[in-house]
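Okay, so here's the structure we're looking at.
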Amino acid sequence: FQYLKRFDQGYDLDAFWYEAHSEEGSPAECLQLFLLHCGIMDPSWAELRNFTWFLNIQLRDCENSVFCNPDFVQDTLRGF
């Protein structure tokens, strides 16, 4: 949710890191963003769960990758 919210607001996500256990927005706002970005018209709860699970894994892997660390790559992969 934190990434999707900032993405919609036009923030630079290259320097953003997930903040565990922090609460942002309301459950309704969270659900609205998931529905907007999941890519399926009228998704089931299982489809939303799979979307959030997959997105979470991808973002976690990105945060843990040295190749996505802006301090390591400098500006060579900007926006990657």
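The numbers here are math on the coordinates, done by the rules we state, and not lab data. The structure displayed is predicted, hence computed values, not measured ones. For neighbour counting, all protein chains shown are included, and Cβ atoms are generated from backbone atoms with ideal geometry for every residue, glycine included.
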task: Please express the Cα-Cα pair-distance distribution P(r) of the chain as a list of whole percents, one per 10 Å bin, running from 0 to the bin with the greatest distance.
output: 16, 46, 30, 8, 0
statement: The simple spin-label model distance between Phe16 and Glu47, using points 7 Å out along Cα→Cβ, in nm, is 2.5 nm
message: Among 4-14, 38-48, how do they line up by average Cβ neighbours within 10 Å per residue, starting with the highest?
response: 4-14, 38-48
message: Using only DSSP helix segments of four residues or longer, with each worth -39500 (n - 2.57), what per-residue ellipticity at 222 nm results for the chain after dividing by its residue count and rounding to 500?
response: -15500 deg cm²/dmol
message: When the expected Rg is taken as 2.2 N^0.38 Å, what fraction or multiple of it is the alpha-carbon Rg of the stretch 29-73?
response: 1.45
- request: Considering the options Tyr18, Asn50, Phe1, tell which one lies farthest towards the positive end of the dipole of the chain, charges being +1 on Lys and Arg and -1 on Asp and Glu at the Cβ, about the Cα centre.
  value: Asn50
